[in-house]
1. Could you tell me whether the range 234-257 includes any residue that is more than 16 Å from the ligand (Cβ to nearest atom), buried (at least 22 other Cβ atoms within 10 Å of the Cβ), in contact (Cβ under 8 Å) with a residue 40 or more places away in the chain and aromatic (Phe, Trp, Tyr)?
2. Looking at (1) within 20 Å of Thr226 (Cβ to Cβ); (2) within 16 Å of the ligand (Cβ to nearest atom), which is the one condition that is false for Val106?
3. Collect the residues in the range 175-222 that are away from the ligand (no atom under 11 Å from the Cβ) and closer than 13 Å to Ala68 by Cβ, keeping them in residue-number order.
4. Quick one: in the range 275-293, which of the residues that are outside any helix (DSSP H, G or I) and not hydrophobic (A, V, I, L, M, F, W, C) is nearest to Leu378 (Cα to Cα)?
5. Does at least one position in the range 323-336 carry a residue that is in contact (Cβ under 8 Å) with a residue 24 or more places away in the chain, in contact with a helix residue (DSSP H, G or I) (Cβ under 9 Å, 6 or more places away or on another chain) and in a helix (DSSP H, G or I)?
6. Within the range 143-174, work out how many residues are farther than 26 Å from Met45 by Cα, more than 16 Å from the ligand (Cβ to nearest atom) and part of a loop (DSSP other than H, G, I, E, B).
7. Among the residues that make up the range 261-268, is at least one of them open to solvent by 20 Å² or more (accessible area, probe 1.4 Å) and under 17 Å from the mean Cα position of the chain (by Cα)?
8. Report, ordered by the first and then the second residue, all pairs with beta carbons closer than 7 Å, sequence separation of six or more or different chains, a first member in the range 42-55 that is at pLDDT 95 or above, and a second member that is assigned to a helix (DSSP H, G or I) and of a type in the set (Phe, Trp, Tyr).
Amino acid sequence: MSERRLVMVPGPINFEPSVLREMAVEGLDHTSSEFVDAFAESLAMLRKVVNATDGYQPIVIAGSGTLAMEASVTNFLKKDSKVLIVSNGYFGDRFAELLSRYPVHVDMIKPEVLGDAVSPEKIIAAVEKESYDLVTLTHVDTSTAVLQPVREVGKALRNKDTLLVVDGVCSVGGEEIHIVEDGIDVLFTGSQKALGVPPGLAILWLSPKALEKLKNVSNNLSPYYTDLRKWVDVMRSYESRKPSYFGTPAVNLIVALKKSLELILKEGLDRRFTRHKQISEAFREGVKALGLQLLPKEENVAHTVTAVKLPPNVDLTSFVSSVRGMGVLIARGLLKEVNYFRVGHMGSVNANDIIATVAAIERALYKHGYNFKFGDGLAKTQEVLFKYGF
Ligand code: PMP
């Protein structure tokens, strides 16, 4: 039995061998000039990936996406602050769960139908009615594979005191983000998804407005380790090529990040986002040709992950384990109320990966007695891939 696996869950993804090889570096300490240069270059490239200008500050901390999520809010909140959470699923709801541990007031907006995004008009109406310290959006909610529009909300908040916090864990590096034009004040991600680096880095970007707030807010609710004031100083020091210390940086992961960012920028952001759009379309059209329905509404599908409903007579656990048994690792749905599975297609995902995934899904469906003609999904996937020149 081969040890090769095709990882098609929405993170961690299949990592590029050249990125993984970087991690095997030996004898790298965080004050060495080799590491200082690697960290400084990574921070400069992190600005580019989200189209940030010099006034925006990227921050890299050892931890997972959830750590970045906690830091993205607690640093800007005080007792009795008000937060508006826009939630399209499990990860949007997580903001509420997280904030329930802090003495703040929370309002939440959700779409009326699971799989929809929340309309920007509805969010703007809410922020006109109440003055919030923060609004949180989940750019791609990995549980529903819904892409939430950001820019209209960013524009509406630009001249207000409110900060716009965006969870980009399932989007940065795979979905288009223009942090400046989108009006995002605090953006965060984890390394293991479309940035293509093994799990362990929590990455944030702060806008000039967020940096100003951070300077002026006293008695914020941040825990010690995620105090972004400390980390901003550390990042600025590294960027001016001087080592600095607050907590030991994850040196091996950071040199891997540098390699992965080089690959991303070499591909070119436009080309990368187009590839994510085309590959995800090939997958969506393939499963639709099998008669399956998507969880998200067509106009707000994400391009990094797809959520597909299973017919009620196909058992989710058994279906997912069949596909996984065929060497293609896909994920169950995260929400209990729907019978569905999820496929991640981000980072270095290619046409062959998508073909193998649709093929395994067809065989598993056939095994589970689902009525369709073998090859219908594959034919459609092939057609879309061919149309885009793959
Ligand atoms: N937000 C989103 C949208 C996610 O997909 C995830 C991880 N799946 C997280 C937050 C949490 O990140 P982590 O698992 O790295 O803590």
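The values are calculated or read from the model by the stated rules, or taken from the named source; none is laboratory data. Everything numeric here is computed off the predicted structure, so don't read it as measured data. Neighbour counts are summed over all protein chains in view; Cβ atoms, including those assigned to glycine, are modelled from backbone coordinates with ideal geometry. Heavy atoms of the whole protein, side chains included, go into the accessibility calculation; ligands, DNA and RNA do not. Shrake-Rupley method; radii C 1.70, N 1.55, O 1.52, S 1.80 Å.
1. There is at least one residue in the range 234-257 that is more than 16 Å from the ligand (Cβ to nearest atom), buried (at least 22 other Cβ atoms within 10 Å of the Cβ), in contact (Cβ under 8 Å) with a residue 40 or more places away in the chain and aromatic (Phe, Trp, Tyr).
2. (2)
3. Val186, Leu187, Leu195, Leu204, Trp205, Leu206, Ser222
4. Gly291
5. yes
6. 4
7. no
8. Leu43/Tyr238
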